[in-house]
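Take a look at the structure set out below.
The values are calculated or read from the model by the stated rules, or taken from the named source; none is laboratory data. The model shown is predicted, which means the values in this text are computed figures rather than measured ones. Using ideal geometry, Cβ is built from the backbone for each residue, glycine included, and neighbour counts are taken over all protein chains shown. These area figures cover heavy atoms from the full protein model, side chains too; ligands, DNA and RNA do not enter into them. Shrake-Rupley method; radii C 1.70, N 1.55, O 1.52, S 1.80 Å.
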Amino acid sequence: MSDNWNLWEVFVRPRRGLDHVHAGSVHAPDAEIALQHARDLFTRRGEGVSLWVVRSADIVASDPGDAGELFDPADGKDYRYPTHYELPDEVANM
Amino acid sequence: MPAPASETRQNRFDRVIAADQRIEPDDWMPEDYRKNLIRQIAQHAHSEIIGMQPEGNWLTRAPSLRRKSILLAKVQDEAGHGLYLYGAAETLGITRHELLDLLHTGRQKYANIFNYPTPTWADMGAIGWLVDGAAITNQIPLCRCSFGPYARAMVRICKEESFHQRQGFEIMVTLCNGTVEQKAMAQEALNRWWWPTLMMFGPPDTESAHSQKSMQWKIKRFTNDELRQKFVDATVPQADLIGLTVPDPELAWNDERGHYDFGEPDWDELRRVVAGDGPCNAERMATRKGAHDDGAWVREAAVAHAEKVAARTAEIAA
């Protein structure tokens, strides 16, 4: 069915020096039209200076069910933050 | 005895909702939650794109280039809002093609308000001021809706929507400061749109089919009647300010409640319009289906072009 164009994920860079951030998705038969649709849909008010489009099917995502084993090990590791360390008062900036 | 797997998933879902966090498309969710969301987001998306028609009617006859540019930008925004929302609905596992088919065959609805005609320029003012005002009242709490993609689409939409209401009110202000005939035209538009706008919030809480569950799931944050009251309280002083009269003899400030009391909308009319018997239902659907059918060749040509380019690239590579 020709109506079933592929789904593309759109990433917009708001200004030079910032990251591309996921904005949403568009339907398009190819990359060129995906970019045009992304431009029409997500940058009507100067929201970006650069666009990425990626076929949604090409994105590999972690399983939300695995979130525990993937991300919990980062818990309780206060020593990874600078505030964990006590410094002598005489050290003003470090 | 260990809890069955399904109970664990349900517990996790309940915990996320209770903690006011967001459910994301890959998370497990109850089938009813998914269905309810698809229905609501789809109806919202359909309303955005059908909503282009009553205002599209005035694009070629806007009274100045400035008004024309504004109206064009607004109608274009409505198309964009429809696309954001279709995208959000699709994350729940339904396709764009299925969604449009559900609209075109009347199995999914759009907002009742877009089945009313726009006979004068003042209707552009009334729609922006009242209809978009009501939509904003509805949509601001949806920015905190429990389903992530819907909430994020609503944030984007609300940001863009804020000029829609202002431009409409500005049209009303201009007409009210104009000739006697222009002010009368503004008053007549308010008379036409007031009651259908109040109906936009849906049936009273006692009769609303979907309200309670949606509140439980934090899809909705306020009931239909609460939102209706909020809108009336915000809008009546604006009408007073520009010297227009809200067409409701029962409207009166209630000091005790700290709210306006107002009359009951004609719920039979809402039922009739939702069931398909409004002044413009047939025209709106015919225009929508016509646009879809007339655009078929463009979609087909785009696919043919993409296939040709892909084949040529493969040939060169070989």
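Data overview
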{"item": "Distance in nm between pseudo-label sites at B:HIS104 and B:CYS158 (7 Å out along the Cβ direction from Cα)", "result": "3.5"}
{"item": "Dimensions (Å) - chain B, Cα atoms, principal axes, largest first", "result": "74, 62, 33"}
{"item": "Cα-based Rg / Dmax (Å) for region B:12-74", "result": "19.5, 56"}
{"item": "Between region B:10-35 and region B:55-75, the alpha-carbon center distance in angstrom", "result": "42"}
{"item": "Gaussian network model of chain B, Cα within-10 Å springs - most flexible of B:ALA42, B:ALA19, B:ALA111", "result": "B:ALA19"}
{"item": "Burial order of peptide ranges A:55-61, B:167-173 (average beta-carbon count within 10 Å, highest first)", "result": "B:167-173, A:55-61"}
{"item": "Region B:260-282 and region A:58-94: distance between their alpha carbon centers, rounded to Å", "result": "56"}
{"item": "Max mean-square fluctuation residue, GNM over chain B, Cα-Cα springs under 10 Å, options B:ASN191, B:ASN112, B:ASN138", "result": "B:ASN191"}
{"item": "Range of Cα positions in the protein assembly as shown per principal axis (Å), largest first", "result": "72, 65, 58"}
{"item": "Between region B:154-199 and region A:21-54, the Cα center-to-center distance that results, in Å", "result": "32"}
{"item": "Lysine pair number, Cα distance threshold 27 Å (strictly under), the protein assembly as shown, separation 8 or more or different chains", "result": "27"}
{"item": "Where the protein assembly as shown is the region considered: accessible area per residue in Å², 1.4 Å probe", "result": "54"}
{"item": "Net charge, A:VAL53 excluded, C-beta distance under 14 Å - Lys, Arg +1, Asp, Glu -1", "result": "-2"}
{"item": "Inter-label distance, nm, simple model (7 Å from Cα along the C-beta direction), B:THR95/B:ASP26", "result": "2.3"}
{"item": "Accessible carbon and sulfur surface of chain A relative to its total accessible area, %, 1.4 Å", "result": "51"}
{"item": "Integer Hz, Karplus 6.51/-1.76/1.60 couplings in order for region B:289-302, x for Gly and Pro", "result": "5, x, 4, 5, 5, 5, x, 4, 5, 5, 5, 5, 5, 5"}
{"item": "Residues B:THR8 and B:ALA209, FRET efficiency given R0 of 30 Å [Cβ-Cβ distance, rounded to 0.05]", "result": "0.45"}
{"item": "Listed residues B:MET29, B:MET200, B:MET124, most fluctuating in chain B (Gaussian network, C-alpha, under 10 Å)", "result": "B:MET29"}
{"item": "Per-selection Kirkwood Rh - region A:6-64 (Cα, Å, 1 d.p.)", "result": "11.7"}
{"item": "Loop trypsin sites (Lys or Arg not before Pro), region B:217-318 (other Cβ atoms within 10 Å of the site Cβ: 13 or fewer; DSSP)", "result": "B:ARG257"}
{"item": "Chain B - charge dipole about Cα centre, Lys and Arg +1 at Cβ, Asp and Glu -1, debye rounded to 20", "result": "980"}
{"item": "Region B:50-173, Rg to Rh (Cα coordinates; Rh as Kirkwood inverse mean 1/r)", "result": "0.99"}
{"item": "Probe 1.4 Å, all protein chains present, accessible-area order of B:TRP129, B:TRP297, largest first", "result": "B:TRP297, B:TRP129"}
{"item": "Under 5 Å, built H, 5+ apart or other chain: amide partners of A:VAL49", "result": "A:ARG13, A:ARG15"}
